[in-house]
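Report on the structure given below.
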Ligand code: AMP
């Protein structure tokens, strides 16, 4: 990990400031500013409370017990999964029985394998079965397809990825091979349907992943449209971290007497030490960040910025200061995003600067710090951001610049 960034000539000591915190200090110039700031700031300060190791989950089923193909069982073991997680333990038998599922679960619970394993087996048993998987972001689709590839090794199962920002011609070619699995984001799937390159009338299985996020991102009409093109007789599996009123309507309209499975992952904000970094002069903000990043413990840092331009600018500034940094945001091509993510995952980059949308659904297990360089738009966004650290019951740190 590189640590030889320029030495700052600024005497500000990031750690000291943030530890002393804002409790007895206020920098606003007017009274109204003061009280508003006090109220807002306190939300970003909290000690981690729950980093104890959770009780070991004892599953009812073992992977070997499931009535699925032997090669599929071998692939699960080869992936290093020894026993089912709670959602896999409950969802796999129900999906194998042909039931619709509502999984209340977020990233980190093992939900991806909980739908992929039984669906791969279903396709193996009947080659006419086709599966459509819809997820909110390109990154999430790629993660799902990575897992699908690992599980379907030597099983001769074809899949197509249909996401924006990637070569449409290649996707059309892959679709022509009549793949059993099609995974994509709503916009690109719709595009391909409009071009008559994808026909959903034979897709007897649908997975909606991160339904709540897709609704947040305004995909409700696209999703309803895509589902309307599926056959009436089908198996539908919906996964969502939360169930809002809008999600509930979608569930009632499109799921048939679903088995509801609710699991909590170890990835809760309770694992995350939250504090603020108070910067009194805007021009010193980058110095404060610099002084944090050169500290030994800032090993793998995800920084959030508000705008694409701001993120790019910050990434360039940090690069110029000698940090190993990359950025992901909506103006980057899919290939660039994938490359940067890989470099970050494999610890070649110490720091990743991202916008909220680009960071949705990222599955990177060992992020040591999340830094909110710009304030999140909502508290929900904040919780989502800091959930990228403190995962799998490890401690994480979140710092918010004020
Ligand atoms: P997901 O919630 O599907 O995004 O999965 C979160 C992480 O848990 C991924 O890195 C998976 O590879 C991993 N995982 C899923 N199921 C298991 C399992 N049964 N045993 C060990 N790791 C798992």
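The values are calculated or read from the model by the stated rules, or taken from the named source; none is laboratory data. Given the structure is predicted, the values throughout are model-derived calculations rather than measurements. Every residue, glycine among them, receives a Cβ derived from its backbone with ideal geometry; neighbour counts consider all protein chains shown.
Mind checking which helices (runs of 4 or more DSSP H) fall wholly inside segment 194-262 and carry at least 3 residues that are under 18 Å from residue 183 (Cα atoms) and modelled with pLDDT of 95 or more?
220-228
For segment 101-115, name all the residues that are in contact with a helix residue (DSSP H, G or I) (Cβ under 8 Å, 6 or more places away or on another chain), part of a loop (DSSP other than H, G, I, E, B) and more than 6 Å from the ligand (Cβ to nearest atom).
The answer is 105, and nothing else.
Does residue 132 count as more than 14 Å from the ligand (Cβ to nearest atom), over 30 Å from residue 327 (Cβ atoms) and out of contact with any strand residue (DSSP E or B) (no Cβ under 6 Å at 6 or more places or on another chain)?
no
Looking at 105, 113, which is the one that is closer than 22 Å to residue 162 by Cα and surrounded by 19 or more Cβ atoms within 10 Å (Cβ to Cβ)?
113
Give segment 141-158 a look and list any residue that's away from the ligand (no atom under 12 Å from the Cβ), within 24 Å of the chain's Cα centre (by Cα) and without any contact (Cβ under 8 Å) to a residue 24 or more places away in the chain, or say none.
Once the filter is applied, which keeps residues that are away from the ligand (no atom under 12 Å from the Cβ), within 24 Å of the chain's Cα centre (by Cα) and without any contact (Cβ under 8 Å) to a residue 24 or more places away in the chain, segment 141-158 yields only 149.
Over 18 Å from residue 151 (Cβ atoms), away from the ligand (no atom under 16 Å from the Cβ), modelled with pLDDT of 95 or more and in the same structural domain as residue 159 (by TED's automatic domain parsing): is that true of residue 122 in this structure?
Answer is no for this residue.
Look through segment 86-100, keep the residues that are within 14 Å of the ligand (Cβ to nearest atom) and touching a residue at least 40 places away in the same chain (Cβ under 8 Å), and return whichever of them is surrounded by the fewest Cβ atoms within 10 Å (Cβ to Cβ).
86
For residue 58, all conditions in the list (1) within 12 Å of the ligand (Cβ to nearest atom); (2) surrounded by fewer than 13 Cβ atoms within 10 Å (Cβ to Cβ); (3) assigned to a loop (DSSP other than H, G, I, E, B) hold save one; what is the number of the exception?
Going through the list (1) within 12 Å of the ligand (Cβ to nearest atom); (2) surrounded by fewer than 13 Cβ atoms within 10 Å (Cβ to Cβ); (3) assigned to a loop (DSSP other than H, G, I, E, B), residue 58 breaks only (1).
Buried (at least 18 other Cβ atoms within 10 Å of the Cβ) and outside any loop (DSSP other than H, G, I, E, B): is that true of residue 286 in this structure? Please lay out each step first, then the result.
Working: buried (at least 18 other Cβ atoms within 10 Å of the Cβ): yes; outside any loop (DSSP other than H, G, I, E, B): yes.
Considered against the rule, which asks whether it is buried (at least 18 other Cβ atoms within 10 Å of the Cβ) and outside any loop (DSSP other than H, G, I, E, B), residue 286 comes out as yes.
Return only the number of the condition from (1) more than 20 Å from residue 69 (Cα to Cα); (2) in contact with a strand residue (DSSP E or B) (Cβ under 7 Å, 6 or more places away or on another chain); (3) assigned to a helix (DSSP H, G or I) that residue 145 does not satisfy.
The failed condition is (1).
For the structure I just gave you, tell me whether residue 150 is part of a helix (DSSP H, G or I) and touching a helix residue (DSSP H, G or I) at 6+ places or on another chain (Cβ under 6 Å).
Answer is no for this residue.
Take residue 49 and decide whether it is modelled with pLDDT under 95, part of a loop (DSSP other than H, G, I, E, B) and closer than 30 Å to residue 375 by Cβ.
Criteria met by residue 49.
So the check is Cβ under 7 Å with 6+ separation or different chains; which pairs have a first residue in segment 106-118 that's in the same structural domain as residue 93 (by TED's automatic domain parsing) and a second one that's outside any loop (DSSP other than H, G, I, E, B) and within 6 Å of the ligand (Cβ to nearest atom)?
110/88; 113/88; 114/88
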